[in-house]
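Enquirer: Sending over a structure as structure tokens; questions will come in a sec.
Derivation of every value follows stated rules applied to the coordinates shown; laboratory data play no part. Remember, predicted model here, so these are calculated numbers, not experimental data.
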Amino acid sequence: MELEKLRRSGLLVYRILEDLKGMVAEGASTHDLEIAAEKMISDAGAKPAFKGYYTQASGSKYPYVLCTSVNEEVVHGMPSSRRRLRSGDIVSIDTGVLLNGYYGDSATTVAVGQVNDSVKRLLKITEESLELAIDRVRSGNRLFDVCGTVEKHVISNGFSIVRDFVGHGIGTSLHEEPQIPNYVDRRGENPRLKPGMVLAIEPMVNAGKADTKVLPDKWTAVTQDKSYSAHFEHMVAVTENGPWVLTRP
Ligand code: MF3
Ligand code: CO
């Protein structure tokens, strides 16, 4: 069954992120995380979903198994041995796998050493917005219920929703219909949720303004005002019995 296969992919991504979280420390480089992730993926008999993934916007294939986005980097930051983590940083770790024909995709943001209270709050509100959205993934609800829940929680707590990147359906492709913005996009689709659908919900939240830009490397998205940005992602299946988060036990 499709969902069982997606579950296996989801749990592999979960295990990888758990291991990587344990490696996040002052002095570790984002390249160290990349090397560990690459080994875990190949040891599991899986393929990385991001490495070699072509996007029109960049005009190139993404070169790593991880996206590691530090501080003002929103998404698609690239691992580097020159990027050593320091106390006060936050790092979003995002990875995807292909296992037995089915994709897994999840992300989390971790604080390095001591971060200040406003940064802690950014992480908390972003993660909460994802949890609240997960609870809306119910048969009969509509996509806008999910999107609007993220939006409301983030905005009412004084942070900004990134509008330039969105979540997505996932299955035998990494990115499937529908697009899942973290705000209600009235020009977009608002399908009713049905059992069997799998949503990759991924709020990207900025401490400052919403605007982003892509660096000359063509991949790394950063906040224009250099404010910190947080990112959490889970794959959530619609079932007869409510939401099933495929990317955690
Ligand atoms: N989680 C992100 C997404 O779903 C990461 C994609 S990075 C890429 O789009 F390299 F695959 F583009
Ligand atoms: Co994704």
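Enquirer: For the chain, what relative contact order do you get, as a whole percent, if you take Cα pairs closer than 8 Å and at least 6 residues apart? Don't skip to the end; give the middle numbers.
Expert: Details: 618 pairs, mean separation 56.6, N = 249.
It comes to 23 percent, rounded to a whole number.
Enquirer: Just subtract the alpha-carbon distance of Thr55 and Arg8 from 0.36 nm times their residue separation and send over the number in nm, one decimal.
Expert: Here the segment from Thr55 to Arg8 would lengthen by 14.3 nm.
Enquirer: Determine the distance separating the Cα centre of region 137-185 from the Cα centre of region 193-210; give it in Å without decimals.
Expert: Centre-to-centre distance over Cα atoms comes out at 4 Å.
Enquirer: Calculate, axis by axis, the spread of Cα positions in region 2-245 along the three principal axes, and write the results as whole Å, longest axis first.
Expert: Extents along the principal axes, in whole Å: 48, 43, 33.
Enquirer: For Lys61, list the aspartates and glutamates whose Cα falls under 18 Å from its own Cα; do not include residues on the same chain fewer than 8 positions away.
Expert: Candidates past the 8-residue exclusion: Glu34, Glu38, Asp94, Asp105, Asp217.
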